[in-house]
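Visitor: Sending over a structure as structure tokens; questions will come in a sec.
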């Protein structure tokens, strides 16, 4: 079949190049096709030709050659370009979808909304994000050792197939792949959050995410309570994080869902102040719990022999009680300062929920996180570094996500678009964080998966 497949794939490849090249030439030559839709279509044609040219020629050579080999550097390069073109194509398709959405829903304002400046910005952003995401994956791939067998069970070098050849822990790589998928899927959704036509769709999406958040965090909390092997400091703090994520989401999401399905979007003064108080309390407490978790991981890596003594149950309980107390006290101070202010109108909150803008610099956890990273990098052996990264990869990802978004929300300079950006990012902070945290800590954690397996086995017996 190989000769037959060679000619079939060759013809398809040549047709793909000719067809996309023809489309690209027509768009360039015909002024009537100089519109946003065909502008994005020209980028799609370039991507399709590049995507095919990255994979097909080598695959055709392999079909006609018994010695089907590829050296390491070309394999990594092929993987990098494969990911870059794939991610960029996803984002260009999102831009094309947005273009069609504006053309249908806002035809009178189409020329203003989809100006050439906006189209160019969307195209440049798509290409930049695609290649940056691919570069991150390539760098993480290069740090892995490959000790055999050096045989890829695929037609070309594709990242998941290449990862199977690594003789080290690849959970960080898989976590980054998952995060990239979330970025590509969730990012475009955040761009259309304020469109009225999307309200029913958003209601069901956010309802499902909220239910999933409660179920996932509840499952982690139940597993930690029921399984004695998870009664360790790390999972003790993780149980507090699960409670906070459920509380954090439950404080904001139900009212937001009610507003999406109701034209009269009102909230009285006392519930608004209460929502603000709880929002601040849970956010501050989660910051401090993440600091405690960072300290726990720091001790586990830097002082493993004294870990049981330093992180005793008395110390863990004191850290948890202090975090909750300080979080609620800080929130109470802000609520009291808020109540002393007069509110004389207009009584309209340009947000999804009652939220106070705090110019907070969350410094504790990032400093400890930097300490953990430096401690890992100081480890001499490669095996030791891999074990340390395996121990901390989930936590570093959660801390980076939480404080990264918080710093973008509260520390970016003022601009005309800042208020709208803050609304979208704070929504991500209060809805998607509680969804992602249990996924990061469960799907990439063998102990949690083993505990779930044992719980299901007991139930079946």
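The values are calculated or read from the model by the stated rules, or taken from the named source; none is laboratory data. Treat the numbers as computed from the prediction; the structure is a model and nothing was measured. Here Cβ is always computed from backbone atoms with ideal geometry, including for glycine, and neighbour counts include all displayed protein chains.
Visitor: Just to check your reading of the model, which residue among 270, 205 is in the same structural domain as residue 336 (by TED's automatic domain parsing) and either within 21 Å of residue 438 (Cα to Cα) or crowded, with 16+ Cβ neighbours inside 10 Å (or both)?
Guide: Exactly one of 270, 205 is in the same structural domain as residue 336 (by TED's automatic domain parsing) and either within 21 Å of residue 438 (Cα to Cα) or crowded, with 16+ Cβ neighbours inside 10 Å (or both), namely 205.
Visitor: Inspect all residues belonging to region 171-192 and state whether any of them is surrounded by 15 or more Cβ atoms within 10 Å (Cβ to Cβ), in a loop (DSSP other than H, G, I, E, B) and modelled with pLDDT of 65 or more.
Guide: Checking region 171-192: not a single residue is surrounded by 15 or more Cβ atoms within 10 Å (Cβ to Cβ), in a loop (DSSP other than H, G, I, E, B) and modelled with pLDDT of 65 or more.
Visitor: Can you work out which of the residues in region 29-44 that are more than 37 Å from the chain's Cα centre (by Cα) and part of a helix (DSSP H, G or I) is farthest from residue 114 (Cα to Cα)?
Guide: Once the filter is applied, the top-ranked residue is 29.
Visitor: Pick from 265, 314: which is surrounded by fewer than 19 Cβ atoms within 10 Å (Cβ to Cβ) and either more than 27 Å from residue 331 (Cβ to Cβ) or at pLDDT 85 or above (or both)?
Guide: 314
Visitor: Are any residues in region 122-145 more than 19 Å from the chain's Cα centre (by Cα), without any contact (Cβ under 8 Å) to a residue 60 or more places away in the chain and over 18 Å from residue 47 (Cβ atoms), and if so, which ones?
Guide: 143, 144 - these are the residues of region 122-145 that are more than 19 Å from the chain's Cα centre (by Cα), without any contact (Cβ under 8 Å) to a residue 60 or more places away in the chain and over 18 Å from residue 47 (Cβ atoms).
Visitor: Condition first: buried (at least 18 other Cβ atoms within 10 Å of the Cβ) and either out of contact with any helix residue (DSSP H, G or I) (no Cβ under 7 Å at 6 or more places or on another chain) or more than 21 Å from residue 120 (Cα to Cα) (or both). Now tell me which residues in region 12-34 satisfy that.
Guide: Residue satisfying the conditions is 13 alone.
Visitor: Right, next: Could you go through region 235-252 and let me know if any residue there is touching a residue at least 60 places away in the same chain (Cβ under 8 Å), surrounded by fewer than 16 Cβ atoms within 10 Å (Cβ to Cβ) and either closer than 14 Å to residue 438 by Cβ or assigned by TED's automatic domain parsing to the domain that holds residue 338 (or both).
Guide: no
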